[in-house]
Structure formats: C-alpha cells, structure tokens
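Structure, as structure tokens:
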Amino acid sequence: MMSTKKENQEFKKSLGLLDATMLVAGSMIGSGIFIVSSDIARNTGSAGWLMVVWLICGFMTLAAALSYGELSAMFPKAGGQYVYLKEAYGPVVSFTFGWTFFAVIQTATIAAVGVAFSKFTAYLFPVLDEDVYLLEVGSYHVSSAQVLAIGVILLLTLINTRGVQNGKTLQTILTLIKILSLILLVLFGFAAFDSDVWNQNWSAATRWDLHRLNADGSAAGYSLFGTFAAMSAALVGALFSSDSWHSSSAVAGEIKNPQRNIGLSLALGTVIVTTIYILTNLMYTGVLTMEHMASAPKDRVAMVVAQQIFGPLGIGILAVMIMISTFGCNNGLILAGARVYYSMANDGLFFKKTGRLNHKAVPAYALWLQGGVATIWCLTGKYGDLLDMITCVVVIFYMLCIIGIFLLRRKRPDIPRPYKAFGYPLIPALYILMGLSFIVLLVIYKPQFTWPGIIITLLGIPLYYVVRRSSHLTHSNEY
C-alpha cells in the first residue's frame, strides 16, 4: 500500500519533445494574433512601425525563451519560474511570484482567453454574444459570453484532472490544427494580395510615419514622449499575444529527458509562433489599409481580413479557427498553471491539498482551485483591462528570472549547466534593458491598469510572512 501511494504521488514522465513544443506553441497562440493588431495600428499608424512592434516582441520573446533554457536545464522540476526565482532569490521573491501567478497572471489570462472564445463563438451562435445579458443588477451584468467562458474553463479543468495523457493529447492535436490553420490563412491572404493596398501601406511617404490613427479615420501626431508612450502601449497587445511561452518549464516533472527537452521546446515553440505572427501581420498589410485595420469592428481585424479573402464565408471560417485556437490555448494554460501551486504547496507556502496528486498523478485540487479563481475573473474583469494589468507584471518576473541567470553564475557556479543562455551576457542583458524600459513607460502612461497589478504583486511580500508563520504553527502542532 505504501509503495502504491508513493507511486501515485509522483508525476509520470509522459511528455516528449513534440508534446512539450506543442504545449509552448499552443499556450502562446490564443486570440491575440486575431485582435491586437487593430490597436497596434491605431497606436502606430503605419505598416513599418506595426512590423517593428511585432519584431521587438519576437526578439524579446525569443531572447527570454533562449535564456530560460539555462534555468530549465539546471532545475528541471515542476513549477518552472517559481523554482528559478526560489533558487536565485529565496522564498520571499518566489512566493510573491506564485501568489501573483495565482491571483492575476495565470488565472486572469485563462479568464481573458475564455471570454475571447465566447466572443468568437457568438459569430456562429448570436445568443452567446457578450451583449446578451442573463443577469442585471444595477450597472453590473453577467452575459451569456461570460457564462460560456466559465463553462469552457471548468470543462478543460475536468479533462485535465483525468490525467496528463488526456491534456497532452488534446493540446497536441489542437495546436497542430491551429498552426496549420494560421499557415493556410497566411497563404490564402497572400493569394488575395491587393497591390494598391500594399503600395498605400508601404509607400515611402507612409511606412515610417508614426502617428495616432483613430478608429474614425482621423489622425494626430506625437510628441517625443508621446512616441515612447505609443510604442509601449502597442507592445502590450503583442507581448500578451506571445505570452505563456514558458509553459513547458512548469510541467518539467512530466517531461522526458527534461534537461534537453524543456530548453529545446522553449526555443522551437517560440520560433514557430514568432515566425507565424510576423508573417500574419505582413499578410494583413497586403489585404487591409492601416485605416481599415485601425477601425476593425471590436478590434477583430482578422475577421475583416477573412471577409476580404473568403467572402461571406470568411466570418464563419475564422470564427471556427479562433474557437479552436482559444480552446487549445486555455487547455495549455490550465495544464501548466496548476503545477506552480503544487510546487508552492510542497514548500509549505500554499494550500496543503494543492501539493497532492490524485490517482491519475495530477494535482486535481490545484486545478479546481485555479478554475475557481479564473471563474471569478470571468465575472469581474474586462479583456482589455486584463491585457495591461497582466503584461506589466509578467515582464517584471521575466526580468527577475533572467537577472537570476547572472546571479546564479556567481553564487552557484558548480551547478551543472547542460545548456547555457544563448548570447550570454549580451542577449539576456538586452532583454532586461528592453523589459525595464517597457515597464517604466507603461507605469507612467497607463497607470490606471498597471498599478493594480503591481499592488497585487507587492501584497505577496507581507502575505509570505503570514503564510510562513501559519505554516510553522501548523507544523509545531503536529508534534
């Protein structure tokens, strides 16, 4: 009986390189690539700067992923970033990350992607639209889109409690489908290439004309500080669309040959998605003018593109694509997220039950707790607000992890490093500099969204001492 219990309390090495790569790519590709280019077009006003934003985003994502490869090879344990921060800085910083991950980063992202799934499902079934209210109390309301988002989150949570095999199979299949779908969209888009549109977007007079382009067609120039603010605002959506590239590191305990496959999956997944994103946006500029991108209804620029490419069938085709994309994205987020809480619980810093595995060798309690908080976010948060709040906090912790590479090379030089950060120290240092610039500009120019996320993060510091004291008291009472 004791051996069986021990076996059930250990993760099973079920994920190969393909599974881990599809987890990375699938967690990255959600709804953002179909939406956020509209906001980027409004902030930049030109095709050249639109592409610069996506190239900066691609560089930052790849630089971070290639740097994380060193950390994942050194510490191939479930929990990913939580483990790296604990090893580099100690329990206060790692707990603060874990608390923020639970309170905002992962759960709010799951909610945002779930709501996005609902919004595009409404194209096929209008009764599920976000404007169809099922409950109204004063100014507060609950829409059918929110209810559907909650239903999808709970369904995927249930699937993942039945074992990692179910989650990984669903993730791999859905990710392959959406990668193929995006590639086909790009190919059909270039086939529908409009030379007049391309010339208008890429003429010498317009391609580097950075300005504010409003949805009503009006335009406005920027001051020097306005230029920095516009670029940081534009990067929010791009970085959110490329987030969760670190998902395979969170499930390290279930990956075969983790020292090799985690870092490789991070590199392969981010390269695949970054390439597709850049080609998709380049295709957008050959089908729609910047004015049309900026004024896309509800920012759904890909819907307008699909109509141009496929005609009346375009909306239905793309709606199905995005439904598959967001469904698969949330599956990856749900699968990976619970492993962080599992690691925290095993350090005595989270609910004890989240550190237990069920008979299928997955942290079921952690999965349901995560689903419950994501449900609350569905009922209270707005998609656009969550973008800013999440992205700022996320980049802060990415920076801390990458700074940790420098610290660990000094503090613990004897730890085996099967893989070393690509381009060290230049590439990691560039990411740190770019990330810091992004955060400062966002705090200055979008304080109403960024400060709530930062305050929630800082609350983790006093909360750590409360939890540690409670854990010590509980431990003492057991003797």
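The values are calculated or read from the model by the stated rules, or taken from the named source; none is laboratory data. Note that the structure is a prediction, hence the values are computed from the model and not measured. A quick note on method: Cβ atoms are made from the backbone with ideal geometry, for glycine too, and the neighbour counts reach across all protein chains shown. Remember, those area values only see protein heavy atoms, side chains included, never the ligands or the DNA or RNA. Shrake-Rupley method; radii C 1.70, N 1.55, O 1.52, S 1.80 Å.
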Exercise. In nm, to one decimal, how far is the modelled label at L379 from the one at N214, with both set 7 Å along Cα→Cβ?
Worked result: 3.9
Exercise. Taking a probe of 1.4 angstrom, what is the accessible area of L224 in Å², to the nearest 10?
Worked result: 120
Exercise. What number, rounded to the nearest 500 deg cm²/dmol, is the helix-based mean residue ellipticity at 222 nm of the chain, given -39500 (n - 2.57) per DSSP H run of at least four residues and division by all its residues?
Worked result: -23500 deg cm²/dmol
Exercise. Over what distance in Å are the Cα centres of the stretch 162-204 and the stretch 342-369 separated?
Worked result: 36
Exercise. Past the 31 Å Cα-Cα mark, which pairs from K411/K446; K119/K420; K12/K178?
Worked result: K411/K446; K119/K420
Seminar exercise, completed: Output ordering of 306-315, 241-250 (per-residue mean of other Cβ within 10 Å, highest first) is 241-250, 306-315
Seminar exercise, completed: Ordering 129-141, 351-363 by per-residue average of other C-beta atoms within 10 angstrom, highest first, gives 351-363, 129-141
Problem set entry | Identified option (computed Rg and Dmax of the Cα atoms in Å; candidates [x] 21.6, 67; [y] 23.5, 68; [z] 22.1, 79) | [z]
Exercise. Which helices count as membrane-span-like in the chain under these terms: full DSSP H, at least 30 Å along the axis by C-alpha, Kyte-Doolittle mean of 0.5 or more?
Worked result: 47-74, 164-191, 258-287, 314-346, 383-411
Problem set entry | Euclidean distance between Cα centres, the stretch 45-72 to the stretch 91-117, Å | 22
For this session: Starting from the Cα-Cα distance between R410 and V137, subtract it from 0.36 nm times their residue separation and give me the gain in nm to one decimal.
Result: 92.5 nm
